[in-house]
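The values are calculated or read from the model by the stated rules, or taken from the named source; none is laboratory data. This one's a predicted model, so the numbers in the text were calculated from it and none came from an experiment. When we count neighbours, we look across all protein chains shown, and the Cβ atoms used for this are built from the backbone with ideal geometry, even at glycine. In case anyone asks, the SASA skips ligands and DNA or RNA and just uses the protein heavy atoms, side chains included. Shrake-Rupley method; radii C 1.70, N 1.55, O 1.52, S 1.80 Å.
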Amino acid sequence: MTCCRCQATDEQFDARFAQHDLKRFQSRGPDASTRQLLAAIGEIPLPPEPVLLDVGGGVGAIHHVLLERGFARAVHVDASAAYLAVAEAEAGRRGHAGRVDFLHADFPEVAQSLPLADLVTLDRVVCCDPDFTRLLGAAADRARRLVAFSYPRPRFIVRLVMAAFNFTNRLRGRTFRAYVHPPAAMTAALERAGTHRRREGGTWFWAVEVFERTL
């Protein structure tokens with residue numbers, strides 16, 4: 001994503017959108033695909049008190065849960081300032097304020113300046129970036145052990161939903177677009193970065209995969 005892309009994300013995921021997602025998280029917990037991502041992560045042993053880098057973390061569902069499960073710290077990088085605001089407020093409400101660093105930025109642009117993490121997550125983030133190779137490569141570069149991400153499956157109905165979403169945004173004059181990337185190409189990008197698939201699953205709409213650094 002470029003700075004223009006960050007502006008498009010801020011426009012798409014505004015304060016009203018963020019508040020709606022936060023209320024849903026507070027009442028229902030993580031969405032189905034996020035629950036599957038968390039479950040897959042929980043099946044793989046990590047060092048004591050691991051560190052999380054949550055890319056495009058939205059309301060912070062992943063780090064809210066993982067900090068309560070024994071993670072020591074988290075960094076939440078997001079292109080939406082509104083999402084960061086509600087995630088930070090929720091972290092304070094849960095007593096995690098001193099354990100999460102929040103950064104409003106284009107992750108690939110700042111990745112090299114961020115510390116390594118035991119786990120890097122990108123939940124429904126790859127579909128927001130046209131350059132998935134750069135995004136996933138940056139994520140794998142920051143991961144000591146695991147990269148966990150979800151993406152829309154390349155099914156006809158899924159593509160139709162994404163196309164309708166993009167058409168609506170075009171009519172509204174918004175520049176944000178959603179993408180359905182080829183799974184094989186994403187796998188290849190992560191394998192070139194020195195990781196291999198360890199877990200896979202998901203829902204009918206969202207695929208969930210966890211890649212582990214090859215030792």
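For the reader, a short list of remarks on this structure follows.
- THR214/PHE156 FRET efficiency (R0 41 Å; Cβ-Cβ; nearest 0.05): 0.75
- Considering only THR168, THR187, THR195, the mean-square fluctuation computed in a Gaussian network model of the chain, springs between alpha carbons under 10 angstrom, is largest for THR168.
- The chain, accessible surface, carbon-and-sulfur percent (1.4 angstrom probe): 56 percent
- Its residue count N sets the reference 2.2 N^0.38 Å, and the alpha-carbon radius of gyration of the stretch 118-159 equals 1.25 times that reference.
- Helix content alone sets the calculated 222 nm mean residue ellipticity of the chain: runs of n ≥ 4 DSSP H residues at -39500 (n - 2.57) each, divided across all residues, give -13500 deg cm²/dmol.
- Here's the picture: a label point sits 7 Å out from the Cα of ARG144 along the beta-carbon direction, and within the stretch 38-54 the residues with their amide nitrogen under 11 Å of it are 46-52.
- Local electrostatic count at PRO108 - Lys and Arg +1, Asp and Glu -1, tallied over other residues with Cβ under 9 Å: -3
- 4 °C / 1.567 mPa s Stokes-Einstein diffusion coefficient of the stretch 156-204, Kirkwood radius on C-alpha pairs, µm²/s: 98 µm²/s
- Sequence-distant residues sharing a close amide H with VAL75 (under 5 Å, placed H): LEU52, LEU53, ASP54, ASP101
- For the chain, diffusion coefficient by Stokes-Einstein and Kirkwood Rh (Cα), 25 °C, 0.890 mPa s, µm²/s: 142 µm²/s
- DSSP H segments from the chain that extend 20 Å or more along their own axis, Cα-based, with Kyte-Doolittle mean of -0.5 or above: 156-171
- Relative pair counts by distance (%), Cα atoms of the stretch 69-135, 5 Å bins: 3, 14, 25, 27, 20, 9, 3, 0
- Share, in percent, of DSSP beta bridges within the chain that are antiparallel, nearest 5: 45 percent
- Placing +1 on the Cβ of every Lys and Arg and -1 on the Cβ of every Asp and Glu, with nothing else charged, gives the chain a dipole about its Cα centre of roughly 560 debye.
- Contour excess over end-to-end distance, with Cα ends at ARG134 and PHE17 and 0.36 nm allotted per residue: 39.4 nm
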